[in-house]
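Contents: one structure, followed by commentary.
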Amino acid sequence: TQLLEQSPQFLSIQEGENLTVYCNSSSVFSSLQWYRQEPGEGPVLLVTVVTGGEVKKLKRLTFQFGDARKDSSLHITAAQPGDTGLYLCAGEYGNKLVFGAGTILRVKS
Amino acid sequence: DSGVTQTPKHLITATGQRVTLRCSPRSGDLSVYWYQQSLDQGLQFLIQYYNGEERAKGNILERFSAQQFPDLHSELNLSSLELGDSALYFCASSVAGTETQYFGPGTRLLVL
């Protein structure tokens with residue numbers, strides 16, 4: 001059983017559509033990170049959220065940390081083919097970073 | 001480019017063999033982390049070293065070991081390899097703790 005559950009596992013959409021990816025847990029995290037990974041490369045950090053209820057924006061990406069610090073969401077507005085990749089959430093749990101299984105996003109032009 | 005380097009990029013070997021993966025962290029980073037990524041398990045934390053000392057341990061098998069040297073580069077040793085060890089192995093580094101980790105490009109290991 002994953003400590004962090006991500007949904008959906010796979011998402012295929014058309015360019016210009018909006019989407020939301022979810023990261024849920026029954027555990028409380030002191031911080032939560034979102035990464036994007038492209039084929040053949042390592043994950044790249046997009047954002048870290050620390051405070052419950054926090055919202056951070058990165059261009060067309062909006063990240064939200066749940067009030068109870070148990071869940072997070074990533075919303076992409078007007079998706080583009082360049083957004084294609086594996087999106088991973090990761091929570092700081094003890095001294096370790098625990099990753100969700102990821103959401104594979106494919107944006108078709 | 002994250003500043004973290006890993007060698008080799010690809011490795012093909014046979015069951016029962018031993019391999020060593022190498023990682024050089026970003027300049028100034030004291031912590032090195034090793035992760036294994038496979039299709040069925042996702043990205044799994046293996047072990048963390050901080051300034052030469054083991055700091056945290058994850059799902060690392062007894063057949064696997066790691067160390068961090070005085071120049072802060074790290075090696076991950078995998079022995080008695082099994083087919084199921086085939087995976088991508090990532091190294092990441094950070095200044096100290098788990099705040100921002102920078103991942104290397106990974107080593108793709110194939111055990112035949």
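Could you list all residues from segment A:67-95 that are out of contact with any strand residue (DSSP E or B) (no Cβ under 6 Å at 6 or more places or on another chain), assigned to a loop (DSSP other than H, G, I, E, B) and facing chain B (nearest Cβ under 10 Å)? Across segment A:67-95, the qualifying residue is only A:94. Please determine whether any residue of segment A:78-88 is among the acidic types (Asp, Glu) and open to solvent by 40 Å² or more (accessible area, probe 1.4 Å). No; the residues of segment A:78-88 include none that is among the acidic types (Asp, Glu) and open to solvent by 40 Å² or more (accessible area, probe 1.4 Å). Note on segment B:1-26: residues that are open to solvent by 70 Å² or more (accessible area, probe 1.4 Å), touching a Ser or Thr at 6+ places or on another chain (Cβ under 7 Å) and not basic (Lys, Arg) total 1.
Which condition number does residue A:70 fail, the rest of (1) farther than 23 Å from residue B:33 by Cα; (2) in contact with a Ser or Thr (Cβ under 9 Å, 6 or more places away or on another chain); (3) in contact (Cβ under 8 Å) with a residue 60 or more places away in the chain being met? Evaluating residue A:70 over (1) farther than 23 Å from residue B:33 by Cα; (2) in contact with a Ser or Thr (Cβ under 9 Å, 6 or more places away or on another chain); (3) in contact (Cβ under 8 Å) with a residue 60 or more places away in the chain leaves (3) as the failure.
To keep it simple, each residue is scored yes or no on (1) facing chain A (nearest Cβ under 10 Å); (2) touching a Lys or Arg at 6+ places or on another chain (Cβ under 9 Å); (3) in a loop (DSSP other than H, G, I, E, B).
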position: B:15; (1), (2), (3): no, no, yes
position: B:32; (1), (2), (3): no, no, no
position: B:36; (1), (2), (3): no, no, no
position: B:49; (1), (2), (3): no, yes, no
position: B:54; (1), (2), (3): no, no, no
position: B:60; (1), (2), (3): no, no, yes
position: B:71; (1), (2), (3): no, no, yes
position: B:93; (1), (2), (3): no, yes, no
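One residue stands out in segment B:73-91 among those that are open to solvent by less than 10 Å² (accessible area, probe 1.4 Å) and away from chain A (no Cβ under 14 Å): the one that is nearest to residue B:40 (Cα to Cα), namely B:85.
The values are calculated or read from the model by the stated rules, or taken from the named source; none is laboratory data. Source: prediction; values computed, not measured. No Cβ is skipped: glycine too gets one built from the backbone with ideal geometry, and neighbour counts run over all protein chains shown. Remember, those area values only see protein heavy atoms, side chains included, never the ligands or the DNA or RNA. Shrake-Rupley method; radii C 1.70, N 1.55, O 1.52, S 1.80 Å.
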